[in-house]
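Notes follow once the structure below has been shown.
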Amino acid sequence: MTDLTTERATDRDEHGPAPDLPGPPDRAERPSAGPPSVAAGGVELTRLVGLARLTPQQALELTASLLADLADLAGRPEPDTAAPGSDPVASGRVVVGADGRVRLVPAAGGSPAGRPLALAPLLADIAGAARLRGRRPDLRAEQLLDELDRARTALPVAGVPAVARTLRAAAAGIDRGAVRAELAALVRAVGEGAARVAGSAPAGSPRPAARAAGAAARGAGAGSPAGGAKSAGRRAGAWLLSVLALAAVVALEVALLRDDISTDIDLLLDAGRGGTTPSAAPEPDGLPVPAPAPAAAGNVAAVDLRPLAACAPGAPCTVRLLVRLVPAAEPQVVTWSYRVVDRCTGAAETAPGGTVTVPPQGERAVAVGSVPLPAAPGLAVLAVTDLPAAAASAPVLIGSCLSDRQAG
């Protein structure tokens, strides 16, 4: 986490002696309301980012507000004291106030001059607090986080004012008042948690405050053992109710669709046990069957077609289609058709297929269909997908051209 509030001794040795600052007050004169990281009416930004889980909207609001204040500070007629390669702004501390707004707290002496503010690491910390593992994919949230990443990348080139204007335009798409209210609640939670443990926790130990801020960020409002027990009871009751509701839905579906489910399961289990199996290469008793598409392409890893019973020319053929997919974060729509080829003459025609939507992270699409076959002695049936990519199965061979020629 970036340290914005203290100067290390090595930095002072490298850049010369530190300016004269008033010495620390006596122990009897120090306030006892809370730890030094909690300022009056606010919390330091680095501490808030380190303790709380942020939403992408909160991260955007913090970054946009911070850069707006720094842009105003950089526009003042003051000498540039920043080191080469750093941002031309400096500050004593960066604090998130009780109203949810970011403000710059001047260093000792009333001047904002202090150690140069390393903006790029700080912006990375803010974005990292909003980029959490386990959070469900959200297109809008990813767009906001991408805005923060682009701002951090453009900062050394475009400068603070230009990036501040860009983020202000991006923040116009969120409810900044509501987001600031959420940040104000986090600030209060961090301050109250730190005040409760200040008298009992050892100095320099952030664990109790971290637990208090984490609980506030999760929305846990129980302040007593009784409140915690009630909250746990409500969660257990909600979980039990959801399990009972799921069991009731499954039981109702089984009761209403028992025959259809049994039929479909039997068809799928019997796939490949009877009838002919797909051939990897055309039989030599007819013309070669050209592949209308590759065996795999894009998110389609393989296409498998097989009959569920013996098929004959001039009658419908019941087949099972299995499309293996590369899992994706978004739902995938699989569409296909059937290609029927006369192996004796080479003539081909297309029969309608179907459409299936596979949920996110799904690996396969399975369907049972019926393909009408023409009255030709030797046929080949292939399944061809159109979406999410064009791919074809191996041909299923039906009948024989040799028997037709021998009969003639």
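A few notes on this one:
- Residue list for the stretch 149-175, filter: in contact with a helix residue (DSSP H, G or I) (Cβ under 9 Å, 6 or more places away or on another chain), in a loop (DSSP other than H, G, I, E, B) and over 13 Å from T63 (Cβ atoms): G159, G173, D175
- Test: residue in the stretch 133-144 that is at pLDDT below 80, within 27 Å of E330 (Cα to Cα) and small (G, A, S): yes
- Verdict on L104 being assigned to a strand (DSSP E or B), in the same structural domain as R53 (by TED's automatic domain parsing) and modelled with pLDDT under 85: yes
- The single condition from (1) surrounded by 14 or more Cβ atoms within 10 Å (Cβ to Cβ); (2) modelled with pLDDT under 75 that A164 fails is (2).
- Index of the failed condition, A310 passing every other in (1) surrounded by 14 or more Cβ atoms within 10 Å (Cβ to Cβ); (2) under 25 Å from T263 (Cα atoms); (3) of a type in the set (A, V, I, L, M, F, W, C): (1)
- Residues (under 20 Å from A291 (Cα atoms) and aliphatic (A, V, I, L, M)) located in the stretch 326-360: V334, V340, V341, A347, A348, A351
The values are calculated or read from the model by the stated rules, or taken from the named source; none is laboratory data. This is a predicted model, so every value here is computed, not measured. In this analysis, Cβ positions are derived from the backbone assuming ideal geometry, glycine residues included, and neighbour counts consider all displayed protein chains.
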